[in-house]
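Just below is one structure, and these are the notes that go with it.
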């Protein structure tokens, strides 16, 4: 791989990679049972540089911001490289957000350029607030012939054959603005520097190396912090190949493992659980004799790899299992949310290594990662090289708030010095997660201190972002949304839920019609943003002089008065 300590920017490192491995395959795009595209590093460069020149001709320059809203595909990475080559700042947005949410973030980051898929562009055009879109240049991919692009340009035609000018950046310059939550409340744009990403890549590849010939299967959205690092920066700076799969149907994921002989893949706990469920169902369909033989082989593999993994032994004992994963798989990476230890143990016993990690957008990507020395399914591993982790104000049981210090910690929140000062204190990132570090240096997570939940899909849900769905609700004088585990602290990282706290109009208790209306509004939310129930609160909410709700004080009042059983399911 490249020695990333010699580079000042992602653009510089990626540029060197394209020149070092010109004939290696860097990118494969597959859709169901067909392959759409295959590019070598040379071909990738030849596709990206004309885009970079056209951007520069359009006034895109050092420090300009460009947002990408796209599903996983080659154009995502090509566009990102053109942006970095031109000295720009990348803003990767979640294509699953609603158009109004995307428009809010585009306005917040003041993007000069927007690169977007055609079907997402159509939704943006029809959304309220579209007229305030700040982007001067809009590039639309895969637009059908004759489509009305409302002044936007076709990505495929936005080219200039002249050589672009490489724009250098320093390590302290912003590389990306990454939004760590949805919208509706207070946008949280994490400003991550080139140093943040370069140092993170060095740390991760020191444990899980990439090299020419390695193939990484990309199924997570590229805007996701994990896939951006492990499915783009990591492979490209090591001469490896990324396989983009433009479908999440299980049968095509299984086919991709064998067709492309995948080496690594990242996923979120929900997808890992689905893989586990599928394997258990297939095992259950075996005859009693074969099921007994399989159980004996799994037990033998467990005994032989108890102290450390041994892929050779596992592949020899359980060849059919490993053949189903292509026969070349070295590890799966899981993160973005808590993974149940039983699931991790299930895969380890089969010889399928799952690198379980812990991280957050504010810390780059990963903070800790299991290095299998030894395998510990009950923890999220040890700090990565260069990471300092400490526990703030630990109790008698050693549990306190997790804090992190490293060169991967973000610079700041965009245009929000107050939130930055609350989150980074004396150089330490205050995560809001509760945990303890055991005698062997492993971090165990045991709950959350902050008013937030993380879904199995790795989505950060801030209750403030859900509240807009209930604005104007006639049955309440005021309302507020909380994470249930924040109201009633629980030593768990799973089963997190949101609760709507309502203060009914005095003398007007909630009617059945009002509750039905409330439930209807809740159903309109994306499934992972829905509240589990509501709580009626008879007192006025405590407020600041500027009339903002004092959430911490209100939570304490509720905690001291009511139990979780008081929540009425919706």
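What follows is calculated from the coordinates using simple rules that are stated; it is not laboratory data. Because the structure is predicted, anything quoted here is derived from the model rather than measured. All Cβ positions, glycine included, derive from the backbone under ideal geometry; neighbour counts span all protein chains shown.
Listed by Cβ neighbour count within 10 Å, with the fewest neighbours leading, 86, 511 appear as 511, 86. For the pair the stretch 354-407 / the stretch 291-320, the C-alpha centres are spaced 29 Å from each other. Placing one equal scatterer on every Cα of the stretch 127-189 and applying the Debye formula, the log10 ratio I(q)/I(0) at q = 0.15 Å⁻¹ is -0.88. Taking other C-beta atoms within 10 Å as the exposure proxy, 194, 119, 244, 517 rank 119, 517, 194, 244 from fewest upward.
Computed over the stretch 76-133, relative contact order equals 36 percent, with contacts defined as Cα pairs under 8 Å that lie 6+ residues apart. As a proxy for reagent exposure, 318, 300, 353 were ordered by neighbouring Cβ count within 10 angstrom, fewest first; the result is 300, 318, 353. Using a simple spin-label model with pseudo-atoms 7 Å out from Cα toward Cβ, residue 148 and residue 511 lie 4.3 nm apart.
Taking every C-alpha pair closer than 8 Å and separated by at least 6 residues, the mean separation divided by the residue count of the chain gives a relative contact order of 11 percent. Identify which of the listed values of Rg and Dmax of the Cα atoms in Å was calculated from the structure shown: (1) 26.9, 95; (2) 22.8, 80; (3) 24.5, 75. This structure yields the entry labelled (3). If the chain linking residue 281 and residue 172 were pulled fully straight, counting 0.36 nm for each residue of separation and taking away their Cα-Cα distance, it would gain 34.2 nm. Each peptide in 266-272, 159-165 was scored by the mean count of other Cβ atoms within 10 Å over its residues; highest first, the order is 266-272, 159-165.
The value of relative contact order for the stretch 361-460, using C-alpha pairs under 8 Å at least six residues apart, is 26 percent. The alpha carbons of the stretch 9-265 give a radius of gyration and a Dmax of 17.4, 50 Å, in that order. Computed over the chain, the per-residue total of -39500 (n - 2.57) for DSSP H runs of n ≥ 4 gives a 222 nm mean residue ellipticity of -9500 deg cm²/dmol, rounded to 500.
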